[in-house]
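These notes concern the structure reproduced below.
Read-outs: derived from the displayed coordinates by stated rules, not from any lab. The shown structure was predicted, so the numbers you read here are calculated from the model rather than taken from an experiment. All Cβ positions, even for glycine, are placed from backbone atoms using ideal geometry, and neighbour counts span all protein chains on display.
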Amino acid sequence: MKVYEGAVLTCNEKDEVVRYLVEDGGKIVFTGDELPEKYAAATKIELGERALIPSFTDSHIHFASYATFLAGLNVADAKSNGEILEMLREFVKKCEDKLVIAFGASPHSVEEKHFVTREQLDEVCPERPLFMVKYDGHTCVINTKLLELVREKAQDLRGFHPESGEMNQEAFFAVSDYVTNSVSIPKLLKNMQNAADHMASRGIGMIHTVSGVGFPLDMDVDMENWFGKGLNNGLQLRVFFQTMDVKKVKRRGLPRIGGCFATALDGCFGSEDAAMLEPYEGTENKGVLYYSDEKVADFCKEANRAGLQIEMHAIGDAAFDQATKALKAALDDFPREDHRHTIIHACLPTEEGIRICEEYKIGLAVQSAFIDWPQEPNDYLERILGSRAKKLNPFRTYADHNIKMSVGSDGPCTDPDPINWLYKACNNGAESLSVREALRMCTANGYWQTFDEKERGTLEVGKFADMVILSANPYETETEKLGTLKVERLFLGGKAYRPLSENPIKQVVRGVFKK
């Protein structure tokens, strides 16, 4: 039994702050301002200037991909393509993998203002396949060795550009599928353990992963599900199957469907293929809607009638419009009071779409890390979107319309960093959230999103003691200084987080047999 004394931010419906929290046997047994005598002899942890909050949730991450890229080379901070190529040259010398993976390149944050090319990658790595993924996770550049391996699979798909080596849209998904399949299962599982430990160091106690990237028989979905079930240190993982095949999801007994890839309705701003109602500035290009309105509506109706929770990727306003109308059609067809359907990203909404979200209680899994994103800077967004750039990520508007938001990294697009999410959400100009709203978005709302709110997500009696000690009280920190907060400790089930040190195969086998 332990007593925590200090600023305990419960993040409950009333946003109560109390002086004491008592944990016993992994559960919260008391919160309040006066400590009952029966707890007086318990071990006491003085918080001092620090604060105790619920553990964070990453409500949207491509976990297996993130784990793979975390083990590779991150070039996001490079200031030039020359620097990227030099980083690659040094990495290739040390990397023993048959396929070299790098991530984070942005044509908008390097001095050349263009992506590296296939020929440049060939100079650095001529003998082994090399996969360089753009920061937004929707485009890549590959060298000739990898091009030879994927040509047959990708050459007839939209977005196949063999001259430059750039692959986007469906061609990117095909190449990404090939690369993911090329990583050995034991290595991938070990990478996933390392990624989970890294996320836990940031105070994240629950991970919502979108899975399904082309493994034979969708083994990656099963593997991530078993990986999550096999966790024995309190970390929680919830799997969303990225497919429009409802039968596949039901056969596995999964309650959730959707994400990106097969359930992405459009592209992204970085590749100027996010679907827009009006063309990008100075062009006739309106981006790409991957599916017809009828197909998306039919999918939503089938999944909704099957009792599944639906998530879909929508970045541009045309995609947001399509997503909201399809979910409305599904709920008109088969009303469900507590569906928890969610739109991922929701960067540029429409007024009608916002109204639908409010009326039909559609949630949003947003990315505050996209605000003032160095890899996709404001001047670039203003150049391609004009005045529409000022309408991106309208969190205040969403909150004023009673739309419940959770927040995620979209990793590997951005590194999971809840302190950054909190800072960005509260420093978003006229669309800023209050610190209390933003903290709930980063904690309680994520647990709510996957129906876990009865057991986790707030510091209330009867719930698991999944908690984080922060270096200071965010409610008493100036909003412009929220980014200086530090995660000091993560507790799951009342215990300090234990890194995943066992054989990952053993963990997965345990998950296979766990109900």
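A DSSP coil position with no more than 13 other Cβ atoms inside 10 Å describes the following GluC sites (Glu not before Pro) in the stretch 15-71: Glu34. Entry note, the stretch 66-182: relative contact order of 21 percent, from Cα contacts under 8 Å with a spacing of 6+ residues. For the chain, take the longest principal axis of its alpha carbons; what is the angle in degrees between that and the long axis of helix 185-201, to the nearest 10 within 0 to 90? With rounding to tens, the tilt is 50 degrees.
Between Thr283 and Lys247, the C-beta separation translates, for a Förster distance of 35 Å, into a calculated FRET efficiency of about 0.30. Taking label points 7 Å from Cα along the Cα-to-Cβ direction, Ala306 and Asp197 give a separation of 3.7 nm.
Of the chymotrypsin sites (Phe, Trp or Tyr not before Pro) in the stretch 415-515, which ones lie in a loop per DSSP and count no more than 16 other C-beta atoms within 10 Å? Walk me through the intermediate numbers first.
Details: sites: Trp421, Tyr423, Tyr447, Trp448, Phe451, Phe464, Tyr475, Phe491, Tyr497, Phe513; in loops: Phe451, Tyr497.
Counting only loop positions with at most 16 other Cβ atoms within 10 Å, the chymotrypsin sites (Phe, Trp or Tyr not before Pro) in the stretch 415-515 are Phe451.
Between the stretch 357-388 and the stretch 235-277, the C-alpha centres lie 19 angstrom from each other. One equal scatterer on each Cα of the stretch 1-155, no solvent, Debye formula: the resulting log10 I(q)/I(0) at q = 0.12, 0.13, 0.21 Å⁻¹ is -0.65, -0.67, -1.30. Histogrammed with a bin width of 10 Å, the alpha carbon distances of the stretch 66-182 distribute as 15, 52, 31, 2 percent, first bin at zero. Taken along the Cα-to-beta-carbon direction at a fixed 7 Å, the label points for Arg510 and Glu49 span 3.9 nm. Only Cα pairs under 8 Å and 6+ residues apart enter the sum, and on that basis the relative contact order of the chain stands at 20 percent. Between Leu73 and Ile101, Ala102, Phe103, the built amide H atoms are under 5 Å apart, and every one of these is 5 or more places off in sequence or on another chain. Translational diffusion of the chain, estimated by Stokes-Einstein from the Kirkwood radius over alpha carbon pairs at 37 °C in a medium of 0.692 mPa s, is 140 µm² per second. The local environment of Pro255, defined by Cβ-Cβ distances under 12 Å, has a net charge of +3 under the rule Lys, Arg +1 and Asp, Glu -1. Ranking Gly483, Ala42, Ala323 by how far each Cα lies toward the positive end of the dipole of the chain (charges on Cβ) leaves Ala42 at the top.
Averaged over residues, the count of other Cβ atoms within 10 Å places the peptides 59-69, 299-309 in the sequence 59-69, 299-309, highest first.
I need the calculated FRET efficiency for the pair Met219 and Met1, taking r as the beta carbon distance and R₀ as 60 Å, to the nearest 0.05.
On the way: r = 43 Å, r/R0 = 0.72.
Efficiency for this residue pair is about 0.85.
Each of Lys404, Lys454 has some number of other Cβ atoms within 10 Å of its Cβ, and from fewest to most they run Lys454, Lys404. A crude spin-label estimate for the pair Thr350 and Ala40, with each label 7 Å from Cα along the Cβ direction, gives 6.6 nm. Please find the FRET efficiency linking Arg19 to Asn232, where r is the Cβ-Cβ separation and R0 is fixed at 25 Å, and quote it to the nearest 0.05. Efficiency at R0 = 25 Å is approximately 0.15.
Quick one: putting +1 on the C-beta of Lys and Arg, -1 on the C-beta of Asp and Glu, what dipole do you get for the chain around its Cα centre, in Debye to the nearest 20?
On the way: 62 positive and 79 negative charges, 418 e Å.
In debye, rounded to 20, the chain gives about 2000.
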